[in-house]
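One structure is given here, and the rest of the page talks about it.
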Amino acid sequence: MTTTAMASAQSRWLPYYLALVVTTSLTVGVSSWFLLPRPSFGPLVLLCIMGLVSYQIREPELGLRISFSFLSIILVASAAIVGMFGAWLVGALSMLVDREQPRRSVTMFNAAMCSLLGASSALTYALLGGVEGDAMVGMGPVRLASDVGWPLLAADIAACLVNAALLSGVISLDKRVPFWVQMRQVLTGSGVAYVGYGVIGLLFVILWFPAGLGAFSALLVLAPLLAARWAFIQFGEELRSHERTVDTLVTALGTKEPAAVGRSRRAAALAEWVAEGLGLPPGQIGTVRYAATLHEIGHLGVATRLLRRAPSSLSPAERRVIDGHSVVGARMIEGIDFLEDARSGIRHQHERFDGSGRPDGRAGQDIPIAARIVAVTSAIDEVVHASDAGAGVTVADVARALSADPGRFDPDVVAAAIAALDRHGLPTSAPAEAAT
């Protein structure tokens, strides 16, 4: 499972960063070729082919900021099978052929990044005394654990950290996301998976050398991985069906209140930025995005004539009907399993941080985080789009508007929202483009 970079240069330092990563990779490759022992030709070719095939049949990114491929497993196994230059070459060649990526600069960065992952794995493995190649033959369980198992798992962790650091650097410069926020997000999304990669990579190595199966071990390892890929594809289809369900709900809302579609998209974009800024895990970010997208779905239960009238012309009773849309919306999506966690974000979006809100008078941290974020993002949208297309509204204006009622919002969410607006600008009606 690897994550690839998608660049749309927004920082003048981004080209220099890309060049630095590529140059570093080439330096490591050339140095390891001349200074270290050469790998065996047969295993090297096999691992390169496996890496190429793995990347070409990967399952595309599914909203989890990761994509499924076997490449990480092959890279960590290469550290023990073909050494530093071999692992570097496997990583470089695996990413150089990318038919879906039209930008050569992105392909070059991804190839350089993966070659450095392989090289860092092999370097860590060697520094910890890991045994390479045929020297593993005849080892007992204790020596396998100490001379192969522990160094290889440590090499896997090193690759995970290098992957997170390199990706966070390019995304930080490209998308203006704070480096440590992005670093935490990458580690949260793929860190646990890397542990699994290390275990499978260790199994691959043990089958190859101590078990004496050689190249045939590739087939034994690939069979369960192909089954895992099939399961991942099914999971991806499920996620896509979730997105279609949400899109259908938003479309239904748009037939009644066309302007609500734009508000939903803007709220989803900003809410995702804020959730990332708060360091929420990927699963919680998805919940926040669903809650923000559907935060006005309860308007389907409100008479159209009320929605089309100016707020100042509504009677108190009519105002209460509209204000009750959050409860109505939460009820409308009841029974949709994947939206269950988002329901509380919709229901409690009008709670106040000081406890004087509705419908249940919750206060502080008792208000679900999704609801606290939706409250801020919807308020920002009201400020920005109160005038014609938000003309003349600045981030400073938004900050002043949010601070005008101190008891209404969570201060941490407000701070994260202002920081997100400083980085990304005011959200448009287009869906947010996720960094990967």
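Please report, in whole Å³, the volume per residue of the convex hull around the C-alpha atoms of the stretch 152-269. Let's see the in-between values first.
Values: hull volume 14.8 nm³, N = 118.
Measuring per residue, one finds 126 Å³ for the Cα hull of the stretch 152-269.
With all protein chains present and a 1.4 Å probe, how do Trp150, Trp273 order by accessible area, largest first?
Largest accessible area first, the residues go Trp150, Trp273.
With every protein chain present, what is the per residue accessible area of the stretch 361-425 (1.4 Å probe, Å²)? Spell out each step's value before the answer.
Working: 2840 Å² over 65 residues.
Dividing the accessible area of the stretch 361-425 by its residue count gives 44 Å².
Using +1 at the C-beta of Lys and Arg and -1 at the C-beta of Asp and Glu, which of Val221, Leu89, Pro210 has the Cα lying farthest in the positive direction of the dipole of the chain?
Comparing the listed Cα positions along the dipole, Leu89 ranks first.
With label points built 7 Å along Cα→Cβ from the Cα atoms of Leu219 and Glu243, find their separation and express it in nm.
Going by the 7 Å Cα→Cβ label model, 3.8 nm.
Residue farthest toward the positive end of the dipole of the chain, with Cβ of Lys/Arg at +1 and Asp/Glu at -1: which of Thr304, Phe109, Val28?
Thr304
How much of the accessible area of the chain, probe 1.4 Å, is carbon plus sulfur, in whole percent?
Summing carbon and sulfur atoms, their accessible area is 64 percent of the total for the chain.
Express in Å², to the nearest 10, the accessible area of His385 obtained by rolling a 1.4 Å probe over the protein heavy atoms while all chains stay in place.
Spelled out: His385, probe radius 1.4 Å, area about 70 Å².
For the chain, give the magnitude of the charge dipole about the Cα centre (Cβ charges: +1 Lys/Arg, -1 Asp/Glu; no others), in debye to the nearest 20.
Dipole size: approximately 580 debye.
For the chain, calculate the relative contact order in percent as a whole number, restricting contacts to Cα pairs under 8 Å that are 6 or more residues apart.
15 percent
Pull out a ≥ b ≥ c, the square roots of the eigenvalues of the alpha-carbon gyration tensor of the stretch 152-191, then state rounded if a/c is under 1.5, prolate if not and a/b is larger than b/c, and oblate in the remaining case.
Taking the square roots of the gyration eigenvalues as a ≥ b ≥ c, the stretch 152-191 is prolate.
Quick one: dipole size for the stretch 136-281, taken about the Cα centre, charges +1 on Lys/Arg Cβ and -1 on Asp/Glu Cβ, in debye to the nearest 20. Mind dumping the intermediate values first?
On the way: 11 positive and 10 negative charges, 61 e Å.
Dipole about the Cα centre, nearest 20: 300 debye.
Along the charge dipole of the stretch 280-343, pointing to its positive end and built from +1/-1 on Cβ of Lys, Arg, Asp and Glu, which listed residue (Thr293, Ile336, Gly324) has its Cα farthest out?
In the stretch 280-343, that residue is Gly324.
Compute the helix-to-body angle for 83-96: its Cα long axis versus the longest principal axis of the chain, expressed 0 to 90° and rounded to tens.
Compared with the principal axis, the helix lies near 50 degrees.
Mean residue ellipticity at 222 nm from the helices of the chain, using -39,500 (n - 2.57) per DSSP H segment of n ≥ 4 over the full residue count, to the nearest 500 deg cm²/dmol?
-21500 deg cm²/dmol
Label the stretch 10-57 by shape, choosing from rounded, prolate and oblate, from the square roots a ≥ b ≥ c of the eigenvalues of the Cα gyration tensor; if a/c is under 1.5 it is rounded, and otherwise prolate applies when a/b is larger than b/c, oblate when it is not. Don't skip to the end; give the middle numbers.
Numbers: a/c = 7.42, a/b = 1.49, b/c = 4.99.
Because a/c hits 1.5 or more and a/b fails to exceed b/c, the stretch 10-57 counts as oblate.
Rounded, prolate or oblate: which fits the stretch 251-318 when a ≥ b ≥ c are the square roots of the eigenvalues of the alpha-carbon gyration tensor, with rounded for a/c under 1.5 and prolate only if a/b beats b/c?
prolate
With every protein chain kept in place and ligands, DNA and RNA left out, what is the accessible area per residue of the stretch 194-265? Probe 1.4 Å, answer in Å².
50 Å²
What number does the stretch 119-192 give for Rg over Rh if you use C-alpha atoms and the Kirkwood radius?
Result: Rg/Rh = 1.17.
Taking a 1.4 Å probe, which of Val414, Val137 shows the most accessible area, and what order do the others take after it?
Val137, Val414
May I ask for the equivalent-ellipsoid semi-axes of the stretch 290-430, computed as the square root of five times each C-alpha gyration tensor eigenvalue and listed largest first in whole Å?
Working: eigenvalues 107, 75, 49 Å².
Semi-axis lengths for the stretch 290-430 are 23, 19, 16 Å.
Just reorder His295, His350 by solvent-accessible area, largest first, 1.4 Å probe, all chains present.
My answer, sorted largest first, is His350, His295.
Taking all pairs of different Cα atoms in the chain, averaging 1/r and flipping that mean, what Kirkwood radius in angstroms comes out?
23.9 Å
How far is helix 41-56 tilted off the main Cα axis of the chain, in degrees rounded to 10, range 0 to 90?
Here the helix axis deviates by roughly 10 degrees.
The values are calculated or read from the model by the stated rules, or taken from the named source; none is laboratory data. Note that this is a predicted model, so its numbers are computed, not measured. Cβ: placed from backbone, ideal geometry, glycine included. Neighbour counts: every protein chain shown. SASA here: full protein model, heavy atoms, side chains in, ligands and nucleic acids out. Shrake-Rupley method; radii C 1.70, N 1.55, O 1.52, S 1.80 Å.
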